[in-house]
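The values are calculated or read from the model by the stated rules, or taken from the named source; none is laboratory data. Model, not experiment: these values are computed from the prediction. Note that each Cβ is placed from the backbone with ideal geometry, even for glycine, and that neighbours are counted across all protein chains shown.
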Amino acid sequence: MRRLSTFNIVSLTLGFAFLYIPMVILVVYSFNESKLVTVWAGFSTKWYGELLQNEAMIDAAWVTVKVAFFSSTIATVLGTMAAYVIVRRGRFFGRTLFSGMIYAPLVMPEVITGLSLLLLFIAIGLDRGVLTIVLAHTTFSMCYVSVVVSSRLVSFDDSLEEAALDLGASPFEAFRLVTLPIIAPAVISGWLLAFTLSLDDLVIASFAAGPSATTLPIKIFSSVRLGVSPEINALSTIIIAIVTVGVLTASIVSKRQITQRLKEEAQAD
Amino acid sequence: MRRLLVAVPYVWLVVLFLVPFGIVLKISLSDIALAIPPYTPTLDLSEGWTGFKAFLSQLDLENYVFLTSDDLYWKAYLSSLQIAFLSTFFTLLVGFPVAYAMARAAEEWRPALLMLVILPFWTSFLIRVYAWIGILSTEGFLNQFLMWTGVISEPLTILNTNTAVYIGIVYTYLPFMILPIYATLEKMDGSLLEAAEDLGCSRMQAFWLVTVPLAMPGVVAGCFLVFIPTLGEFVIPSLLGGSDTLMIGKVLWEEFFNNRDWPVASSVAIILLLILIVPIILFQRNQQINKEADQ
């Protein structure tokens, strides 16, 4: 590759400035003394203090984390099963319908997914609350998990599983001892993806949530509709910080693992 | 054991994806009623087959006729299509140069650049849209900046207009455009460009005749990844758009939550889905072609 032209450098600078300046402003102004978000009146951390005393907000955060944990865990199990079935099982009754149902939620507009689930919950008389949000989130995020896992399953040789079966392993043992360790990185990233999708979702949760359970995005959305507030800036800053630390840690860990593996392979040769 | 492996995710998706979808279809053919649930007829299986026939005979296309007669709806569909098309184009315009520069950057820089593109994707969508409210409002940072530099003397009204919606969409969907384009450009063999230049192409010509055609699969994938979700977008038009910003996701939401007209909301959903089927099929085909080309 040649050296970057001036045009390349300009587009990188402008592109990343566009992506990051709004977030930087958000973070900086969360430390603003004034209630007016757009006027700087000196450094203060008082909005973080107010946030910590806002019990409704903390309850919502707790509900959100609970929902995300349960839905992403169930979605990972179901999504991995679905991926395994699609990649490893040849033909079975209704296979086309099955793979269609795996891909459709990925492109379905959120308003439609939300609406249809709400109508189902009402039709069967299920009270809306934490359970219904978990069901809704599991349904769409298991499809994401299955796409992530199946791309990993496709790329590895199924003769390894066959060898394990030939050597007397039960199908379940072959999966647990051979397949699962190989696809583990994809399963973990599928879980992380499902977890973040659930944390982030506003539209589907708004349909699935009832008065008894409010998630953080629903809370943020209703308060943002009334205008900007420094408290939301503080909350956003906390979320941005958690995500940044999480993503950086995950990338450093996976980079270590890759170099470790390369080293081991080099030693084996 | 094997059966169970298929059955569990299968049943889950049938119950929580297919059946709800059937309910939407059914309600879209029903009439609004002052009852709980607020539509009629409801399926009553206690009378057996005659009950089912009576139920079927009460369904009609009335809501769909209503959608064509009230110009709010077709205007909303058209304006959603327009907003989705234009913002996809703008996202491409911003995203391509960034992806191109990333692919040309030194190899040791690329993981860091990639990380910088992916990081916003993991950050809350809602927060990223919220960030623009403070920037675009009349007393917001953009107006403060422009007035300080003397470009304008009166603040511009950007928030609560379609312009703000375009900015919001380009901003939030930019990673979806950059990543597939970068992936195709990164695989490109640099010697192709040298060959083109040796054969007498100028740099510009080599770019248009070699790089752009090779980047096409990524460009097409990126455009679909932006266009499809944008069409049904709700958060951006409701936070950044004005009362005259018509987008079908917002109309559906208001029909359901504010007007409580479930049958009309359901038929709005069904038509949105019919419109989306075309780009979705095209997208699938494009992915299939790319996959085969890779092998």
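Table for the structure above
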read-out	value
The range B:122-133 residues that are at the interface with chain A (Cβ under 7 Å from one of its Cβ atoms), paired with ones that are part of a loop (DSSP other than H, G, I, E, B) and not aliphatic (A, V, I, L, M) (beta carbon under 9 Å, 6 or more apart)	B:F125/A:D201; B:Y130/B:S124; B:W132/B:G140; B:I133/A:G227; B:I133/B:G140
Verdict on A:V145 being of a type outside the set (D, E, K, R), under 30 Å from B:E254 (Cβ atoms) and either within 12 Å of chain B (Cβ to nearest Cβ) or touching a Cys at 6+ places or on another chain (Cβ under 8 Å) (or both)	no
Of residues in the range A:205-227 being closer than 13 Å to B:L126 by Cβ and β-branched (V, I, T), the one modelled with the lowest pLDDT	A:V224
Residue list for the range A:182-209, restricted to those being more than 10 Å from chain B (Cβ to nearest Cβ) and more than 22 Å from B:L239 (Cα to Cα)	A:I182, A:I183, A:A184, A:P185, A:A186, A:V187, A:I188, A:S189, A:G190, A:W191, A:A194, A:F195
Residue within the range A:74-96 that is surrounded by 22 or more Cβ atoms within 10 Å (Cβ to Cβ) and hydroxyl-bearing (S, T, Y) present	yes
Residue ranges of helices (runs of 4 or more DSSP H) in the range A:198-269 with at least 3 members farther than 28 Å from A:I188 by Cβ	A:216-224, A:230-268
Single residue of the range A:1-33 satisfying the filter (more than 9 Å from chain B (Cβ to nearest Cβ) and touching a residue at least 12 places away in the same chain (Cβ under 8 Å)) that is surrounded by the fewest Cβ atoms within 10 Å (Cβ to Cβ)	A:E33
Helices (runs of 4 or more DSSP H) lying entirely in the range B:211-295 (those with 3 or more residues that are outside the structural domain of B:I27 (by TED's automatic domain parsing) and surrounded by fewer than 17 Cβ atoms within 10 Å (Cβ to Cβ))	B:212-231, B:262-294
Within the range A:107-166, helices (runs of 4 or more DSSP H) holding 3 or more residues that are of a type in the set (D, E)	A:159-166
Count of the range A:169-228 residues which are in contact with a Ser or Thr (Cβ under 7 Å, 6 or more places away or on another chain) and hydroxyl-bearing (S, T, Y)	3
Residue among B:A101, B:A84, B:A106 that alone is at pLDDT 85 or above, small (G, A, S) and surrounded by fewer than 12 Cβ atoms within 10 Å (Cβ to Cβ)	B:A106
Among (1) surrounded by 15 or more Cβ atoms within 10 Å (Cβ to Cβ); (2) within 12 Å of chain B (Cβ to nearest Cβ); (3) not in a helix (DSSP H, G or I) - the single one A:A104 does not satisfy	(3)
Odd one out for A:L177 among (1) in a helix (DSSP H, G or I); (2) closer than 27 Å to A:L199 by Cα; (3) not β-branched (V, I, T)	(2)
Any hit, the range B:80-93, residues being within 14 Å of chain A (Cβ to nearest Cβ), touching a Phe, Trp or Tyr at 6+ places or on another chain (Cβ under 6 Å) and among the aliphatic types (A, V, I, L, M)	yes
Qualifying residues in the range B:148-176 (those that are out of contact with any Pro (no Cβ under 9 Å at 6 or more places or on another chain) and among the aromatic types (F, W, Y)) - the one surrounded by the fewest Cβ atoms within 10 Å (Cβ to Cβ)	B:W148
Qualifying positions in the range B:232-252 - facing chain A (nearest Cβ under 9 Å) and farther than 11 Å from B:I169 by Cβ	B:G232, B:F234, B:S238, B:L239, B:I248, B:G249, B:K250, B:L252
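To keep it simple, each residue is scored yes or no on (1) in contact (Cβ under 8 Å) with a residue 60 or more places away in the chain; (2) more than 19 Å from the chain's Cα centre (by Cα); (3) in the same structural domain as B:V170 (by TED's automatic domain parsing).
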residue	(1), (2), (3)
B:L78	no, no, yes
B:A84	yes, no, yes
B:L93	no, no, yes
B:N143	no, yes, yes
